[in-house]
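> Input: one structure, supplied below.
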Amino acid sequence: MRPVPEGDSVYQLARRLRFVEGCEVTHTSIRVPNYAVASFDGSRCRRVWPYGKHLFMQFDEQILHTHLKMEGTWAFHPAGTRWKKPGYTARVVLRLRSQALAARGFDEVELVGHSLGFVKVYDAAELEAHTGHLGPDVLGAQWEPQGRDEAVRRVLARPERSVGAALMDQTNLAGIGNEYRAEICFLCGVHPETTVAAVGEAGVDKLVDTSRALMWANKDSPLRVTTGVRRPGENGYVFGRYSKPCRRCGALIEKSTLGGDDPLAPGELERIIWWCPRCQPLLG
């Protein structure tokens, strides 16, 4: 299966895009109706950073806030050259220049965000209002100890909820997507439909700590690995492996769906879950 963008993907993307810091914007084109007239022209990029699955760029006193969702990508090209992706998929186009780019032989470059899941532009003073609902960033510098403890507290606050839904809820902890959820639950021996109450505080501790350890181990790697084996096709335990034998016990991996029906989480989507019926018994 195609790797889906999760917190580690955005962490790596932000690092690749840090060349934008210090650049002056010479032209802005935001192809989203709500922000079609927004412009960063004449401003400089002060900072590029990730938070969970979200990417932020600050241009003077304005924030460009984007999310890849499932299909989003960013690309840059020497200004005036042909893009590798169709123009109709572009949601953000920024033309940039800087002394550092000139030293590398580029008068100007174009940074293009294709098929972005969402695009927002707002004043830097409004950042907290747009992001305050998010839980601690699993890859954030503030994870230990306060972020980790806050994530555990938020998950435990709804004991009736499934651990699979709780891990994917970005208001609990930010950065985990469907692939990591599947692999974290397998490594902890927990069926994703098991309730928070059934695993208890010790179980939630283990799930949250495994989330951090697994994502941290992959934060610099282009290939997401949970098995310890870097060969493609052998790098995961259960994600996308329906009806294939469990790498530990040989039982056939099962799949179903989870989510999308929680009245207390109106934005929650129904997503596929995978598990080993022998290694991950459903508790309760």
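> Treating the beta-carbon of each Lys and Arg as +1 and of each Asp and Glu as -1, no other charges, what is the dipole magnitude of the stretch 7-132 about its Cα centre, to the nearest 20 debye?
Working: 17 positive and 13 negative charges, 109 e Å.
Charge dipole, the stretch 7-132, about its Cα centre: 520 debye, nearest 20.
> Step through the residues of the stretch 27-38 one at a time and calculate ³J(HN,Hα) from phi using the Karplus curve (6.51 cos²θ - 1.76 cosθ + 1.60, θ = phi - 60°), rounding each to whole Hz and writing x for Gly and Pro.
Calculated HN-Hα couplings, in order: 7, 10, 9, 10, 9, 10, x, 5, 10, 4, 9, 5 Hz.
> Here is a follow-up. With the alpha-carbon atoms as the only input, what is the per residue convex hull volume for the stretch 240-284 in Å³?
It is 81 Å³ per residue.
> For the stretch 147-275, just list the percent of Cα-Cα distances falling in each 5 Å bin from zero outward, please.
2, 11, 22, 24, 20, 14, 7, 2, 0
> Hey, which lysines would be in cross-link range of LYS120, C-alpha to C-alpha under 19 Å, not counting anything within fewer than 8 residues on its own chain?
Within the straight-line cut-off, LYS120 pairs with LYS53, LYS69.
> Among residues other than GLN280 whose Cβ falls under 14 Å from its Cβ, what is the net charge (Lys/Arg +1, Asp/Glu -1)? Please report the intermediate quantities before stating the final value.
Working: positive: ARG181, LYS206, ARG241, ARG247, ARG248, LYS255, ARG278; negative: GLU183, GLU193, GLU254.
Charge balance near GLN280 sits at +4.
> Among THR227, TRP274, GLY203, which residue has its Cα furthest toward the positive end of the charge dipole of the stretch 191-284, with +1 on Lys/Arg Cβ and -1 on Asp/Glu Cβ?
Value computed over the given set: THR227.
> Assuming R0 = 41 Å, can you tell me the calculated FRET efficiency for the pair ARG248 and MET70, based on Cβ-Cβ distance, to the nearest 0.05?
Numbers: r = 29 Å, r/R0 = 0.71.
Using R0 = 41 Å, I get an efficiency of 0.90.
> How far apart, in nm, are two points set 7 Å out from the Cα along the Cα-to-Cβ line at ALA129 and at LYS84?
3.8
> Under a point-charge model restricted to the Cβ atoms of Lys and Arg (+1) and Asp and Glu (-1), what is the dipole moment magnitude of the chain relative to its Cα centre, in debye to the nearest 20?
Numbers: 37 positive and 33 negative charges, 246 e Å.
That gives the chain a dipole magnitude of about 1180 debye.
> Further question on the same structure: Within the stretch 226-267, which trypsin sites (Lys or Arg not before Pro) sit in a loop by DSSP and count at most 16 neighbouring Cβ atoms inside 10 Å?
Working: sites: ARG230, ARG241, ARG247, ARG248, LYS255; in loops: ARG230, ARG241, ARG247, ARG248.
Sites meeting the loop and neighbour criteria: ARG230, ARG248.
> Decide, for the stretch 60-129, between rounded, prolate and oblate: order the square roots of the alpha carbon gyration tensor eigenvalues as a ≥ b ≥ c, take rounded if a/c falls under 1.5, and otherwise choose prolate if a/b is larger than b/c, else oblate. Present the calculation step by step, with values, prior to reporting the outcome.
Working: a/c = 2.96, a/b = 1.26, b/c = 2.35.
Cα axes put the stretch 60-129 in the oblate bin.
> Putting +1 on Lys and Arg Cβ atoms and -1 on Asp and Glu Cβ atoms, find which of LEU101, ALA251, GLN58 reaches farthest to the positive end of the dipole of the chain.
ALA251
> Hey, with R₀ at 30 Å, roughly what FRET efficiency would ASP205 and ARG15 work out to, going by the Cβ-Cβ distance, to 0.05? Write down the numbers at each step before the final one.
Details: r = 30 Å, r/R0 = 0.99.
Efficiency computed from Cβ-Cβ geometry: 0.50.
> Rolling a 1.4 angstrom probe over the protein chains, ignoring ligands and nucleic acids, what is the accessible area of HIS130 in square angstrom, nearest 10?
Per-residue accessible area (HIS130): approximately 50 Å².
The values are calculated or read from the model by the stated rules, or taken from the named source; none is laboratory data. This is a predicted model, so every value here is computed, not measured. Here the Cβ is made from the backbone with ideal geometry for all residues, glycine too, and neighbour counts use every protein chain on show. These area figures cover heavy atoms from the full protein model, side chains too; ligands, DNA and RNA do not enter into them. Shrake-Rupley method; radii C 1.70, N 1.55, O 1.52, S 1.80 Å.
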